[in-house]
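Note sheet for the following structure.
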């Protein structure tokens, strides 16, 4: 399994778009990681120390795979690029859908010819966060419903809500290159 994780990490680092992953990749990888961690409990043996080091490396690789894929999804959505959803996990498909909805530019502004249209709603500044704990469904500052979220879920939220979760230690900001963040 280590070779599969390393190859997936290498593929993601060397491409501009998300690379294909087996549907059960994260489930198998997390199971493998748990097994390493379970076998690393007795730090007196060399095998336990090797398992501990391998679990650290595997954990870092998995985290980088997820973060890289999320960054690619955000960039592609922001740039209006087409995303091949057959390469995405179910969670990533959900994220891509939420990002698309969150980052849409909206309808055109009324002109003199169509002044009867209602004014365009004020745009809500959005931020991307990774949750560090389970969070129930919330109503955002834009009056839309978000969640519920599980630990390690990534979501785009109104910046005020995201900032509150970060300040409470319930979430962490996901930094996206070339995309301004509302807070650090």
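FYI, it's all coordinate maths here, none of it is from the lab. Keep in mind that this is a model prediction, so the values were computed, not measured. Cβ coordinates were reconstructed from backbone atoms using ideal geometry, including for glycine residues, and neighbour counts include every protein chain displayed.
Here are a few things to note about the model shown:
- Per-residue Cβ neighbour rank within 10 angstrom, fewest leading, 145, 5: 145, 5
- Once both labels are positioned 7 Å from their Cα atoms along Cα-to-Cβ, the gap between residue 94 and residue 44 label points is 4.4 nm.
- Put simply, region 1-99 fits an ellipsoid with semi-axes of 31, 12, 11 Å; these come from the alpha carbon gyration tensor as the roots of five times its eigenvalues, largest first.
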